1. Taking R0 as 30 Å, what's the FRET efficiency between residue 65 and residue 37 from their Cβ-Cβ distance, rounded to 0.05?
2. Please compute the Kirkwood hydrodynamic radius over the range 22-62, one decimal place, Å, based on all pairs of different Cα atoms.
3. Sort 51, 37 so the one with the fewest other Cβ atoms within 10 Å of its own Cβ comes first.
4. Cut-off is 10 Å between beta-carbons; in what order do 31, 41 appear when sorted fewest neighbours first?
5. Which FRET efficiency, nearest 0.05, do residue 3 and residue 47 yield, Cβ-Cβ r, R0 30 Å?
6. By count of other Cβ within 10 Å, fewest leading, how are 2, 33 ordered?
7. What is the range 22-62's relative contact order, in percent, from Cα pairs under 8 angstrom and six or more apart in sequence?
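What follows draws every value from the coordinates through simple rules; no lab data is involved. As the structure is a computational prediction, the values presented were derived from the model and not from experiment. So basically every Cβ, Gly included, is an ideal-geometry build from the backbone, and we count neighbours across all protein chains shown.
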């Protein structure tokens, strides 16, 4: 039983240190990734040389007079 608890504690600690958290961008509405999902758009580049992927609901609206 102690071995099981020790194993679970070690796995819990390791899960806190593994990479996987993505950096935020575009006023905290985008995420820095190597590749964006289908509906996401790239507007800027992140400081870690990844794309700043922004979901459609946070993408800026185009002005009709700028088209």
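1. Details: r = 30 Å, r/R0 = 1.01.
Calculated value: 0.50.
2. Values: mean 1/r = 0.1010 Å⁻¹.
Kirkwood hydrodynamic radius for the range 22-62: 9.9 Å.
3. 37, 51
4. Values: 31 21, 41 17.
Ascending Cβ contact count within 10 Å gives the list 41, 31.
5. Working: r = 43 Å, r/R0 = 1.44.
Working from the Cβ atoms, E equals 0.10.
6. Numbers: 2 6, 33 17.
By the 10 Å Cβ count, ascending: 2, 33.
7. Values: 69 pairs, mean separation 15.2, N = 41.
Relative contact order comes out at 37 percent.
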